[in-house]
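Notes to accompany the following structure.
The values are calculated or read from the model by the stated rules, or taken from the named source; none is laboratory data. Predicted, not measured: the structure shown is a model, and the values here were computed from it. Glycine gets a Cβ as well: all are built from the backbone with ideal geometry, and neighbour counts include every protein chain shown. The protein model used for the area step is the full one, side chains on, heavy atoms only, and it has no ligands, DNA or RNA in it. Shrake-Rupley method; radii C 1.70, N 1.55, O 1.52, S 1.80 Å.
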Amino acid sequence: MAIARTTEPITDSDEVLERSLGDAHLPALLPALALASGDLSLLREDLRPTMQSPPLPQGGLSREAQAEAKAVALAALRRIRDGEVRQAPTMEGLRRAIEWMTGSSAQAASEYLPLVMEELAISEEDPRAPKWRKPSAVDFTVAIVGAGMSGILAGIRLRQAGVPFVILEKNADVGGTWFENTYPGARVDVSNAFYSYSFAQRVDWPTHYSTQDVLLDYFRDCAQEFGVREHVRFQTALDRAEWDEERARWVLYLDTPEGRETLEVQALVSAVGQLNRPKMPEIEGLDTFGGASFHSARWRHDVDLAGQRVAVIGTGASAAQFVPAIAPEVASLTVFQRTANWLANVPHYHDEVPAGQQWLFRHAPYYAHWYRFWLFWATVEGLLPAVRVDETWGQGERSVSERNDQLRALMTMYLQHQFEGQPDLLEQVIPDYPPGAKRILLDNGAWAGALKREHVSLVTAPIARVTEAGVETEDGRLHEADVLIYGTGFHASRFLTPMHVVGREGADLHVEWDGDARAYLGITVPKFPNFFMLYGPNTNIVVNGSIIYFSECEVHYILECVRALIEGDHASMECRQDVHDDYNEVIDAGNREMAWGASSVNSWYKNETGRVAQNWPFSLLDYWKQTRAPRPEDYLWR
Ligand code: NAP
């Protein structure tokens with residue numbers, strides 16, 4: 001793995017430069033080169049991308065404009081290579097570049113500037129690294145539960161701050177979801193330029209959207225390279241955590257390979273994720289099935305699917321990946337769909353990163369960073385308005401606003417194109433809810449390609465029961481199968497189960513939540529001092545975005561909490577109930593104004609009370625701003 005700290009000097013010929021530019025993402029390359037060369041005249045009005053979500057290829061630049069942009073970029077690359085220019089970007093340059101790329105006002109660009117400074121790591125290598133260290137005389141240890149993406153991250157930052165920590169991991173390796181989900185076709189659906197730690201940018205991702213094995217290696221490498229792996233206790237599960245108020249300690253009861261053990265720490269960080277407890281459907285007769293059956297997150301690689309009659313229940317993000325992957329080898333495939341998905345057309349979803357782009361990531365100063373920022377803007381912040389409810393729109397379950405309706409039209413056209421000549425199938429796959437009410441799945445034609453195969457059938461009749469021979473639907477049909485695969489998702493709203501967390505005065509976290517998990521900033525909970533969560537309630541994003549971004553914000557906040565405890569000589573900090581409650585009212589109101597909150601469609605974003613307990617309804621900038629540091633007045637300090 002090549003983590004890019006700085007770009008390599010350009011020593012190649014004009015020919016290599018020109019060839020590489022053939023694969024360049026021009027809306028990201030021009031601002032990168034403008035800043036690196038100090039020549040802001042590269043940001044020409046006639047070469048400015050049209051910022052639109054979903055984004056247009058090359059920002060909608062015409063062929064002529066693309067050719068001109070390449071010529072401009074070639075000249076700049078040459079000047080940088082020949083040592084004529086190489087500048088540290090100025091603030092004014094950065095603001096102008098944001099304005100140019102996003103089409104935002106100067107005011108909006110200024111608002112994003114501090115965040116972009118961090119994202120682009122302009123003035124230092126890792127601006128998000130803690131700027132403080134625990135004094136050696138202070139006794140303070142943190143336990144992190146989970147060595148997935150967010151647990152590794154917390155470990156990296158605590159190590160940098162010199163705070164002792166241990167990571168408790170139930171599995172035999174790091175990686176979390178990327179360790180557990182090994183189903184065929186598993187890959188990330190957020191581009192790796194964005195789905196990667198800001199401080200560990202790789203310049204050699206083999207594909208735009210990495211497969212599971214590549215991501216698992218990335219997280220393994222990061223755990224190793226940043227000195228975290230040696231702090232992980234594998235096959236060690238936290239069963240119960242109890243807060244001892246008098247001694248201001250969390251007492252942890254662990255199940256280890258050697259048996260039961262206790263451990264005491266000053267702070268506890270949950271990094272267990274939302275999607276790691278497989279959910280089996282509540283369908284009669286599951287136990288009676290005669291063949292092999294398994295959940296997608298517990299894939300049975302020992303079951304050979306070749307030549308088998310396979311039935312799949314569920315058509316979510318997991319099934320949308322493994323159904324196309326297994327379709328070619330099975331004898332027959334019956335896919336049971338309860339709710340159809342909106343698909344976003346991403347032609348390069350499975351493609352390799354072209355050589356020219358790899359060269360630019362390696363050599364063109366700031367290119368990788370601006371590419372990351374382009375994705376951040378075009379596929380995250382920019383998409384939010386398309387899923388926000390317009391109260392005056394009044395189209396019910398069709399769409400939530402004019403912009404949302406346009407998105408619907410675009411994605412309907414894509415489905416029509418994909419299922420051309422198959423009107424029966426088309427009718428089944430067009431969702432009857434607004435885009436964004438459930439997760440929009442990325443697609444390059446693989447889904448339709450699988451469903452249109454002769455031996456694959458899509459069944460939308462409700463399932464009545466599972467029998468020894470297969471799956472029976474309510475229309476009385478028995479769909480025979482040798483193997484039954486559950487792509488039925490996770491117990492996402494049962495946050496932190498099956499752990500028992502007992503806070504001040506015996507408060508049990510699950511009793512407090514009563515099936516409706518809430519937290520302040522998704523991180524802290526009243527009555528649970530020195531307890532912090534990563535990827536906690538209301539920190540999930542729907543219209544893409546990278547959960548790593550959220551984790552970096554959360555970890556930054558938690559480190560600032562630990563710092564405040566240590567530097568303020570406090571034994572504990574506890575979120576105030578009124579602050580927590582007010583915050584949750586704002587979150588709930590925000591979610592009601594989004595497609596996923598307004599629509600009545602079922603989704604894992606809602607818990608059993610019907611409340612959206614998963615999602616963050618505001619911008620990424622908003623979350624970043626709110627997690628800069630704990631406000632002293634939000635907490636009870638002891
Ligand atoms: P999911 O989105 O919750 O999908 C579960 C599927 O099972 C849905 O189609 C659901 O239907 C169906 N289902 C559940 N119970 C059923 C029942 N009793 N009868 C019939 N159908 C039933 O789970 P997932 O696909 O594992 O994905 C979960 C999340 O994980 C994703 O939203 C995403 O955030 C993440 N993920 C990401 C990736 C990626 O990055 N590429 C891949 C996989 C997962 P309904 O829709 O009607 O509920």
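Could you list, in sequence order, the residues of the stretch 504-543 that are open to solvent by 30 Å² or more (accessible area, probe 1.4 Å) and under 19 Å from the mean Cα position of the chain (by Cα)?
Tyr535
For residues in the stretch 307-341 being in a loop (DSSP other than H, G, I, E, B) and more than 22 Å from His491 (Cα to Cα), which is farthest from the ligand (Cβ to nearest atom)?
Gly307
Out of (1) surrounded by fewer than 20 Cβ atoms within 10 Å (Cβ to Cβ); (2) out of contact with any strand residue (DSSP E or B) (no Cβ under 8 Å at 6 or more places or on another chain); (3) of a type in the set (A, V, I, L, M, F, W, C), what's the single condition that is false for Leu153?
Result: Leu153 fails condition (1) only.
Can you find a residue in the stretch 271-288 that is more than 26 Å from Arg439 (Cα to Cα), within 12 Å of the ligand (Cβ to nearest atom) and open to solvent by 30 Å² or more (accessible area, probe 1.4 Å)?
yes
Within the stretch 15-35, can one find any residue that is at pLDDT below 95 and open to solvent by 40 Å² or more (accessible area, probe 1.4 Å)?
No, the stretch 15-35 contains no residue that is at pLDDT below 95 and open to solvent by 40 Å² or more (accessible area, probe 1.4 Å).
Select the strands (runs of 3 or more DSSP E) contained entirely in the stretch 238-306, then report the ones holding at least 3 residues which are farther than 23 Å from Pro537 by Cα and in the same structural domain as Pro537 (by TED's automatic domain parsing).
Numbers: elements: 249-256, 259-265, 267-270, 292-295.
Passing ranges, in order: 249-256, 259-265.
Being at pLDDT 95 or above and part of a strand (DSSP E or B) is true for just one of Ile144, Ile152. Which residue is that?
On the way: Ile152 fails: part of a strand (DSSP E or B).
From the options Ile144, Ile152, the qualifying one is Ile144.
Quick grid of which residues meet (1) farther than 28 Å from Ala320 by Cα; (2) touching a Leu at 6+ places or on another chain (Cβ under 7 Å); (3) open to solvent by 20 Å² or more (accessible area, probe 1.4 Å):
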| position | (1), (2), (3) |
| --- | --- |
| Ala137 | yes, no, yes |
| Phe140 | yes, no, no |
| Gly148 | no, no, no |
| Arg159 | yes, no, yes |
| Ile167 | yes, no, no |
| Glu180 | no, no, yes |
| Asp189 | no, yes, yes |
| Phe194 | no, yes, no |
| Thr211 | no, no, yes |
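How many residues are touching a strand residue (DSSP E or B) at 6+ places or on another chain (Cβ under 7 Å) and either open to solvent by less than 50 Å² (accessible area, probe 1.4 Å) or not in a strand (DSSP E or B) (or both) if we restrict to the stretch 473-503?
Matching residues across the stretch 473-503 total 17.
If you go through the stretch 413-436, how many residues are on the phi > 0 side of the Ramachandran plot and open to solvent by 70 Å² or more (accessible area, probe 1.4 Å)?
Number satisfying all stated conditions: 1.
Given the conditions (1) within 15 Å of the ligand (Cβ to nearest atom); (2) open to solvent by less than 10 Å² (accessible area, probe 1.4 Å); (3) modelled with pLDDT under 95, report the number of the one that Gly175 does not fulfil.
Just one mismatch for Gly175, condition (3).
Looking at the stretch 446-471, which of its residues are over 30 Å from Arg592 (Cβ atoms), within 14 Å of the ligand (Cβ to nearest atom) and surrounded by fewer than 22 Cβ atoms within 10 Å (Cβ to Cβ)?
Of everything in the stretch 446-471, those that are over 30 Å from Arg592 (Cβ atoms), within 14 Å of the ligand (Cβ to nearest atom) and surrounded by fewer than 22 Cβ atoms within 10 Å (Cβ to Cβ) turn out to be Ala446, Leu458, Val459, Ala461, Ile463, Ala464, Arg465.
Which members of the stretch 416-445 meet the condition of being of a type in the set (Phe, Trp, Tyr) and within 16 Å of the ligand (Cβ to nearest atom)?
Within the stretch 416-445, Tyr433 is the sole residue that qualifies.
Taking Arg398 and the conditions (1) open to solvent by less than 30 Å² (accessible area, probe 1.4 Å); (2) out of contact with any Leu (no Cβ under 7 Å at 6 or more places or on another chain); (3) more than 22 Å from Pro55 (Cβ to Cβ), which numbered condition does it fall short on, given that it satisfies the others?
Here Arg398 meets the rest and fails (1).
Quick one: Arg300 ticks every box in (1) within 13 Å of the ligand (Cβ to nearest atom); (2) within 24 Å of Val456 (Cα to Cα); (3) surrounded by fewer than 17 Cβ atoms within 10 Å (Cβ to Cβ) except a single one, so which number is it?
Unmet condition: (1).
Among the residues of the stretch 155-192, how many are among the basic types (Lys, Arg), in contact with a Phe, Trp or Tyr (Cβ under 9 Å, 6 or more places away or on another chain) and part of a helix (DSSP H, G or I)? Break it down into steps so the answer makes sense when it comes.
Looking only at the stretch 155-192, we keep the residues that are among the basic types (Lys, Arg), and these are 157, 159, 170, 187.
Within this subset, residues satisfying the condition of being in contact with a Phe, Trp or Tyr (Cβ under 9 Å, 6 or more places away or on another chain) are 159, 170, 187.
Right, trim to part of a helix (DSSP H, G or I) and you get 159.
Result for the stretch 155-192: 1.
Can you tell me which of Ala331, Ala306, Ala325, Ala317 is under 20 Å from the mean Cα position of the chain (by Cα), open to solvent by 30 Å² or more (accessible area, probe 1.4 Å) and modelled with pLDDT of 95 or more?
Working: Ala331 fails: under 20 Å from the mean Cα position of the chain (by Cα); Ala306 fails: under 20 Å from the mean Cα position of the chain (by Cα); Ala325 fails: under 20 Å from the mean Cα position of the chain (by Cα).
So the residue among Ala331, Ala306, Ala325, Ala317 that is under 20 Å from the mean Cα position of the chain (by Cα), open to solvent by 30 Å² or more (accessible area, probe 1.4 Å) and modelled with pLDDT of 95 or more is Ala317.
From the list Leu410, Leu375, exactly one residue is surrounded by fewer than 22 Cβ atoms within 10 Å (Cβ to Cβ) and closer than 17 Å to Met51 by Cα. Which is it?
That would be Leu410, the only listed residue that is surrounded by fewer than 22 Cβ atoms within 10 Å (Cβ to Cβ) and closer than 17 Å to Met51 by Cα.
Considering only the stretch 110-127, how many residues are surrounded by 15 or more Cβ atoms within 10 Å (Cβ to Cβ) and modelled with pLDDT under 80?
Number of matching residues: 4.
Return yes or no: is Thr207 polar (S, T, N, Q), surrounded by fewer than 18 Cβ atoms within 10 Å (Cβ to Cβ) and within 16 Å of the ligand (Cβ to nearest atom)?
yes
Please determine whether any residue of the stretch 249-263 is within 16 Å of the ligand (Cβ to nearest atom) and in contact (Cβ under 8 Å) with a residue 24 or more places away in the chain.
No, the stretch 249-263 has no match at all.
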